[in-house]
Every structure is written in structure tokens, then in C-alpha cells.
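Have a look at the structure below, then the notes.
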Amino acid sequence: MNTFTISLKPLENHMSSDIYISSALFSRVKCKHEFTLTVGSITKKVEATVFQHRECCFMMSEALFTDFRFPYETHQLRGIYEENTFRLGPVISIVTEVREDEEHFGSISVFCKEFVQACKELGCFCYVSKLSDVKSLSPKGYVYRADRWVYSDVPFPGIVHNRIHARKTEQTADFQTFKTFLKEHDVPFFNARYLNKWTVFQQLKDVVHLLPYLPKTYQLRSRQDFLDALELHDDVFLKPVHGSQGKNIFKISKKEKYTLDYTTFTQTYEKEYESLYDLFETLYSQLKRQGFLIQEGISLQTYKQCPFDFRILCHKKDDLTWKITSIVTRVSKPGNFVSNLARGGDIHPPHQVLTQLYDSKTTRHILSLLKEIAIEICTQLSHPCELYAEFGIDLAIDQEGKPWIIEVNVKPSKQSDSRAFSVRPSTKALLDYCLHATNFQFPKEDLR
């Protein structure tokens, strides 16, 4: 098998044939003048004319560009040659909601540009599409050209990255039909769907060596579940099973009275209640709207009197192996009990925070244990029928330095606070996995 990077270029004015192959590429693979060219779902037999050129490249007519559904401009792609067939790619689609404004893709707009830039540098073709765009073998999508997104014909993808934000969308018949369509055409699709917090807890609690790091967690099905949990624990959190970004969380503490704190609700609740019955009746209208779970409160370690946790980004390296791409410490805003950036939290390097609290040996031990737990979580949540290639693991430590599992995010935030545009390690890791999953990763290549 021959692997190479190839330029796909528009024809120059004086050329009359539909396709030309450079002498460098022709001599390298020793192909015939007539060969098969495959991009996405489209395969064509072509007869090429050799022209003198030191690069590995094809020059094609606008008609052939149109047949392969590429914009008529130069593209850097990866090529694999076997048995008189060139396979070009990979073609990657990011599926998300599309807005009618300049940004188009909301909170992942910067990430989409960043991913496209990484693809161009490494010889991949990427576009962004709506759910309805990739439900046929002749899809459409948004291609980034001349500093703007252009909606056009695009090749059928070799892999699809799910960045749909609305959980309700994943419950629709359209979404299920879409997943079935991709499966029928052997197109990998990740991350398959949102995981709710109760499902994650149920999977992890059966893992003996993770159980000590899981806060006690209960399903909130009735008032009695609520009362029982407050009998067992002085502090509890009520979390929506489908929640994200620290939204819609209640914190309840037993003191002389029952105190209530919460995030992001438009309704104003009292801060203190005489009885649990009064508190439950007040919250009932909110709790019945969506599923909640109850989680014991942990006395978290603090940094400058603010609680903090760790966001550990993990990516699948190949079919079996996970790796840690980055780890940051998120310190909550003064007065807040959640550290999410969307709720005003700040990011710090882990060593900067931990070395203010512990000696260097203890710091290394804590970080090592956090990483081990994160990788084990990823391994346990991997599913034989659903593909996951990225997790954002939220872990914390208590006042004694013991780690606790806070949350697992299937679609971690892609917002960046960096003013200088650059391709982040997490983006490179996603692209690395796409290359692996589509068999376009060159031998011994590692993009880390």
C-alpha cells in the first residue's frame, strides 16, 4: 500500500484533457494511465495524461471537481494507492445546529474554523452540516472559503462528529434515521449521543476500583427519596440528569434551618426553610419538569477560599486506547458552588493550584491518581454499539486530598478564551482519531 499527500488542483488554461497526473506521482506508484479514483461514496474510472511536475498531484477539470463534489480550488488530501485505485480523503463532517447569523454554529464556531484549519494542514477535507444535510449520498454542507462559510455540494463523509447541542434532537425519529443511514454505509459516528448522569453513575458504580471515588447518588422519583437523602447527608445536590454547564443545580444544606442555593433558575426561591416538606413543595414544580438525581455533598478543597475541580479532556487514540490530552483546574467564582466557565469560573494550571496546598510529592500523587481515574472512566463508558472518542471528565478533591468523580461530559465545551488563534491539542487529538477511524493515518504517524 502506498500512502502520500496529494494536491488536487484546477486545470491550467492550456490543458485539454479532464485529468492529469503528475510525473512524480505516476512514477512513485507505477500506475496505469487508466485507473480508479475514489472520494467518499463516488468512484470513477479515469484516463489520465502525465505531465511534468515534482509534486504528487492531480489536475482536474471543473466538471470532474463537480462530479466529486469538491469546490473548484486547490485541496491538499491524503492518498492511498492499491491495486490501480487511488482513494482520496478523509472527508470529515461535523454535524450541528446552524444559525442564520455570521457565526453560524454558535458556541462551536471558533472550534469549527480551528478544525478546518487543522484539516487543511494535514491533508483532510472538512465541512459542517445540519442533520438533514447528510442523509443522502449527495450531501450539502458549509465549507470555509475566503474567510467565510459557503453552503455547497460536498463529498459524502468518511466519518461524522456529532456536535448537536439539543438533547431533544437526539430523541427524534430524524436523528435515529440519520444514525441508521450512516451505519448502513459504514460511516463511523461519534460521539454517539448524550449520556445522562444517572446512566453514567449506574455504569461506574459496578466498577469496584471506581466505587470509592463516586459520591453517593440516588434517583429522585418521589418526595420520600428526597427526604431519605437529607436524613443521610448534611449537604446534597439536586442535578438534572440531562444537565450540562452547571445549569439548574440545587444545593441543600442542613443547619439550624434548611438552606437552599441554586444556579440559573429564573424563579427566585427563598434561602431558608423551616422543614424539608416546605422545601420540597417549593421545588416540586421545577423538579417534575425534568428528571433529577440526588448526590451527596462533598466538602471540596478550596483555593483562595473558592472550591475547585479538574476538567480532564480524554481522547480515543485507537480502537482500544484512551489518552489524556489536557487537564486544567477550574476555580469557582467567589460565592458560587459550581466552577464551570459558563458560570464564571476561572482556569488555572493544576500545578499552580496544588502546589499552593500540598508539597510537590503529594501534588504529583494527586495528579497521577486523577489521570488514572479519568482513563478508567473512559474505558468503562466505551460502548460496543456506540462510538465515543472524546470525554470531558470532571474530578475534584476533598479537604483530605481524596479524588471524587463529579461528572462526565460527552460533548465538552469548545469555547476558547485565547485571543491568539491556534489549533489546540484537543482538536489535533480529534483529527488524529478521525484519521485512524477512516484508515487514513499514515504508518507511525502521531499528531500529538
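The values are calculated or read from the model by the stated rules, or taken from the named source; none is laboratory data. Since this is a predicted model, take the numbers as computed values, not measurements. Note: ideal-geometry Cβ built from the backbone for every residue, glycine included; neighbour counts use all protein chains shown. Protein only, heavy atoms only, side chains kept; ligands, DNA and RNA dropped before computing areas. Shrake-Rupley method; radii C 1.70, N 1.55, O 1.52, S 1.80 Å.
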**Request:** Tell me the label-point distance for the pair ASN84, GLN399, using the 7 Å Cα-to-Cβ offset, in nm and rounded to one decimal.
**Result:** 7.7
**Asked** Taking a spot 7 Å from the Cα of GLU12 along the direction of its beta carbon, which residues of the stretch 52-88 have an amide N less than 15 Å from it?
**Response** 52-61
**Complete:** Two pseudo-spin positions, 7 Å from Cα along C-beta at GLU372 and at GLN176, lie apart in nanometres by 4.2
**Fill in**
For the chain, whose charge dipole is built from +1 on Lys and Arg Cβ atoms and -1 on Asp and Glu Cβ atoms, the candidate among THR321, ILE21, ILE406 with its Cα farthest towards the positive end is ILE21
**Request:** Subtract the Cα-Cα distance of ARG148 and ARG99 from 0.36 nm times their separation in residues, and report this length gain in nm to one decimal.
**Result:** 16.2 nm
**Request:** Under 25 Å Cα to Cα from LYS9, which lysines show up? Leave out anything in the same chain fewer than 8 places away.
**Result:** LYS30, LYS32, LYS44, LYS45, LYS113, LYS120, LYS140
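Assuming R0 = 60 Å, what is the FRET efficiency of LEU137 and TYR277, from their Cβ-Cβ distance, to the nearest 0.05?
Details: r = 60 Å, r/R0 = 0.99.
Computed FRET efficiency for LEU137 and TYR277: 0.50.
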**Prompt:** Considering the dipole of the stretch 96-138 built from charges on the beta carbon (Lys and Arg +1, Asp and Glu -1) around the Cα centre, which of HIS104, SER132, GLN117 is farthest to its positive end?
**Reply:** SER132
**Message:** For a quick check of your reading of the filter: which trypsin sites (Lys or Arg not before Pro) in the stretch 33-70 sit in a DSSP loop and have no more than 10 other Cβ atoms within 10 Å?
**Reply:** ARG54
**Message:** Leaving ligands and nucleic acids out of the surface, order HIS351, HIS104 by accessible area at 1.4 Å, largest first.
**Reply:** HIS351, HIS104
**Fill in**
Reported to the nearest 10 Å², ASP206 has, with a 1.4 Å probe, an accessible area equal to 110
**Prompt:** What ranking of LEU230, LEU357 comes out by heavy-atom accessible area, probe 1.4 Å, highest first?
**Reply:** LEU357, LEU230
**Complete:** For ASP319, the accessible surface traced by a 1.4 Å probe with all protein chains present amounts, in square angstrom to the nearest 10, to 110
**Complete:** CD proxy, 222 nm, the chain: helix-only mean residue ellipticity via -39,500 (n - 2.57) per DSSP H run with n ≥ 4, per residue, nearest 500, stands at -7500 deg cm²/dmol
**Complete:** Carbon plus sulfur, as percent of the 1.4 Å-probe accessible area of the chain, comes to 47
**Prompt:** What GluC sites (Glu not before Pro) in the stretch 269-325 are in a loop by DSSP, with at most 13 other Cβ atoms within 10 Å of the Cβ?
**Reply:** GLU270, GLU274
**Request:** Can you send over the solvent-accessible area of HIS242, 1.4 Å probe, protein chains only, in Å² to the nearest 10?
**Result:** 90
**Asked** Exactly which GluC sites (Glu not before Pro) in the stretch 328-412 are in a DSSP loop and have at most 14 other Cβ atoms within 10 Å?
**Response** GLU386, GLU400
**Item:** Non-local Lys pairs in the stretch 191-272, i.e. 8 or more apart or on different chains, that have alpha carbons under 20 Å apart
**Value:** 19
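Please give the length that would be gained between GLN202 and LYS247 if that part of the chain were fully extended, namely 0.36 nm times their separation in residues minus their C-alpha to C-alpha distance (nm, one decimal). Display every interim value, and only then the final one.
Numbers: separation 45, 0.36 × 45 = 16.20 nm, distance 2.18 nm.
Result for the pair: 14.0 nm of gain on full extension.
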**Part-to-part distance (alpha-carbon centres) for the stretch 91-148 and the stretch 345-379, which is given in Å** = 35
**Message:** Could you tell me the relative contact order of the chain? Use alpha-carbon pairs under 8 Å, at least six residues apart, and round to a whole percent.
**Reply:** 14
